[in-house]
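Trainee: Please find one structure pasted underneath; my questions will follow.
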Amino acid sequence: MANINEFGQEVGADVDGWTTRVFPQEVVLKGNHCRLEPLDKEKHGLQLFSAYAKAGQRLWTYLPVGPFNNVDEYLQFIDELNETEDTVPYAIIHERTGCAVGTLCLIRIDEANGSLEVGYVVFSPELQKTVIATEAQFLLMKYVFDVLQYRRYEWKCDSLNGPSRRAAMRLGFKHEGTFRQVVVYKGRTRDTQWFSIIDKEWMNIRKAFEQWLDGENFEDGRQKRGLATIREGL
């Protein structure tokens, strides 16, 4: 809701007591099915490269990096992620097997305004369309909103990447619009679709995740109610 200033102009609502937020840390985030660990090339690199190889080159179509010809190239990429100033990468660890099966990164981190983005979302076939995939996203969101108390959590993707668009909407992100011809990557033009979750939406989104992840919502490994359906009913 807008305010009116002394000149009769509409201005944004006051943000009482706002302070610069803390930069995300290299923490371990634990769930029931998986955990997120700081991405380490010695510990996770070979496991991830092997897991991703099962998907073939199509896994990298909509990402600005990859495919990687060999494990050394992938390890170099992990180094680059860890050396990027506004990026904190995490490996997704399958709790039952103890193996790394995917990555999530916090990128474009803006502590002053309490905004950041989830990026380099790379899920191996073992992780795709599983409870673990959803729980991993939830664990990172909880850390961003409940611990770090950021105001805005972004998701961006190639406008032609249908699975990524659908995933964002399922997880509770709201579509904000399309930036036309914003990027050239892999020799192609890209229109980028923007999505976000903001802090005032988080409580209902969190409740929906908790209800969806509850064991009572599953029978013989199949969900009884979808995540979006639960969220819409809150």
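Trainee: Only one of Val71, Val28 is within 20 Å of Phe145 (Cα to Cα), of a type in the set (Val, Ile, Thr) and free of Cβ contacts under 8 Å to residues at least 60 places away in the same chain. Can you tell me which?
Mentor: Working: Val71 fails: within 20 Å of Phe145 (Cα to Cα).
Result of the check over Val71, Val28: Val28.
Trainee: Counting just the residues of the range 190-207 that are in a strand (DSSP E or B) and among the aliphatic types (A, V, I, L, M), which one comes out surrounded by the most Cβ atoms within 10 Å (Cβ to Cβ)? Write out each step before concluding.
Mentor: Of the residues in the range 190-207, the ones in a strand (DSSP E or B) are 190-198.
Those left that are additionally among the aliphatic types (A, V, I, L, M): 197-198.
On the way: Ile197: 23, Ile198: 15.
Step by step, filter the range 190-207, then rank; the result is Ile197.
Trainee: If you check Leu48, Leu63, which single one turns out to be under 30 Å from Gly114 (Cα atoms), out of contact with any Cys (no Cβ under 6 Å at 6 or more places or on another chain) and at pLDDT 95 or above?
Mentor: Leu63
Trainee: Name, by its number, the condition in (1) touching a Lys or Arg at 6+ places or on another chain (Cβ under 9 Å); (2) in a helix (DSSP H, G or I); (3) not hydrophobic (A, V, I, L, M, F, W, C) that does not hold for Glu210.
Mentor: (1)
Trainee: Quick one: in the range 54-73, which of the residues that are closer than 14 Å to Phe123 by Cβ and of a type in the set (A, V, I, L, M, F, W, C) is farthest from the chain's Cα centre (by Cα)?
Mentor: Only one residue tops the list, namely Ala55.
Trainee: Now, a different point. Hey, could you check the range 79-131 for residues that are among the polar types (S, T, N, Q) and assigned to a strand (DSSP E or B) and say which is farthest from the chain's Cα centre (by Cα)?
Mentor: Ser115
Trainee: Restricting attention to the range 172-188, which residues are hydrophobic (A, V, I, L, M, F, W, C) and in a strand (DSSP E or B)?
Mentor: Going through the range 172-188, the residues hydrophobic (A, V, I, L, M, F, W, C) turn out to be 173, 179, 182-184.
Scanning the range 172-188 gives Phe179, Val182, Val183, Val184.
Trainee: A further question follows. Looking only at residues in the range 135-149 that are of a type outside the set (A, V, I, L, M, F, W, C) and in contact with a strand residue (DSSP E or B) (Cβ under 6 Å, 6 or more places away or on another chain), which one is surrounded by the most Cβ atoms within 10 Å (Cβ to Cβ)?
Mentor: Start the filter on the range 135-149 by keeping residues that are of a type outside the set (A, V, I, L, M, F, W, C), which leaves 135, 137, 142-143, 146, 149.
Checking which are in contact with a strand residue (DSSP E or B) (Cβ under 6 Å, 6 or more places away or on another chain) leaves us with 135, 143.
Numbers: Glu135: 22, Tyr143: 18.
My answer is Glu135.
Trainee: Would you be able to tell me the number of residues in the range 1-51 that are part of a loop (DSSP other than H, G, I, E, B), surrounded by fewer than 16 Cβ atoms within 10 Å (Cβ to Cβ) and charged (D, E, K, R)?
Mentor: 5
The values are calculated or read from the model by the stated rules, or taken from the named source; none is laboratory data. Note that the structure is predicted; figures quoted are calculated from it, not measured. Cβ coordinates were reconstructed from backbone atoms using ideal geometry, including for glycine residues, and neighbour counts include every protein chain displayed.
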